[in-house]
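First comes the structure, then the notes that go with it.
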Amino acid sequence: GERLTNLINDVLDLAKIESGRMEWHLRPVFLQDVISRAIASTSALFEEKKLKLKTNISPDLPLVSADEDKLIQVVINLLSNAVKFTDKGKVRIEAYLDNGQIMVEVQDTGIGIAAEHQNHIFERFSQADQAISQNYGGLGLGLAIAKENASLLNAKLTLKSNLGEGTLFLLSFKDNFK
């Protein structure tokens, strides 16, 4: 039931984004709070798979102008994906400032993504290949929605990955609230 509800919500969010009817409520947001809420929302996933979550969140992060719920959704999607595709090892989330850019990294020690599939991983209804879809489930909406939401927040979502070596997702945006 929960998976079906999440799927319906993802499809509705995607439809709102595509139609330009997604509502945004920009306000000053503490990124530390966003990350804490996302971690709390995904903690059961980590416990279920007995995965460790390592965190390194800089206390010096500035306020950002963002829709807090949309930003939390991006971080939850990245953490959930990391857990989904990691059977053993750990997931790391880190947030820091780098030359005026706010960086949020989510890295896992999971299955990784082959180079030939990386260009398509953010497309709607796309996964690396059919075997992954069968083994891990999902329809390929989470990362598409995360990428769209990041873009609407004037942020950039990229990845670095090697097959069998895990994946690093990097969300970067300027310190846009002064």
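The values are calculated or read from the model by the stated rules, or taken from the named source; none is laboratory data. Being a predicted model, the structure only gives us computed values, none of them experimental. Neighbour counts are summed over all protein chains in view; Cβ atoms, including those assigned to glycine, are modelled from backbone coordinates with ideal geometry. We work out accessible area using only protein heavy atoms, side chains counted, and drop any ligands, DNA or RNA first. Shrake-Rupley method; radii C 1.70, N 1.55, O 1.52, S 1.80 Å.
Any residue in the stretch 154-173 that's free of Cβ contacts under 8 Å to residues at least 12 places away in the same chain and under 20 Å from I111 (Cα atoms): show its pairings with residues that are part of a strand (DSSP E or B) and not aliphatic (A, V, I, L, M) at Cβ separation under 8 Å, as long as the two are six or more apart or on different chains.
If the second residue must be part of a strand (DSSP E or B) and not aliphatic (A, V, I, L, M), the pairs left are K160/T167.
For (1) β-branched (V, I, T); (2) in contact with a strand residue (DSSP E or B) (Cβ under 6 Å, 6 or more places away or on another chain); (3) surrounded by fewer than 17 Cβ atoms within 10 Å (Cβ to Cβ), each residue gets a yes or a no:
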position	(1), (2), (3)
D87	no, no, yes
I93	yes, yes, no
Q101	no, yes, yes
V106	yes, yes, no
G110	no, no, no
H117	no, no, yes
I121	yes, no, no
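Could you please give the count of residues in the stretch 155-174 that are open to solvent by less than 90 Å² (accessible area, probe 1.4 Å) and over 20 Å from D87 (Cβ atoms)?
So the count comes out to 7.
So which of L51, L63, L26, L31 ends up being closer than 21 Å to L157 by Cβ, at pLDDT 75 or above, buried (at least 18 other Cβ atoms within 10 Å of the Cβ) and not small (G, A, S)?
L31 is the lone residue from the list that is closer than 21 Å to L157 by Cβ, at pLDDT 75 or above, buried (at least 18 other Cβ atoms within 10 Å of the Cβ) and not small (G, A, S).
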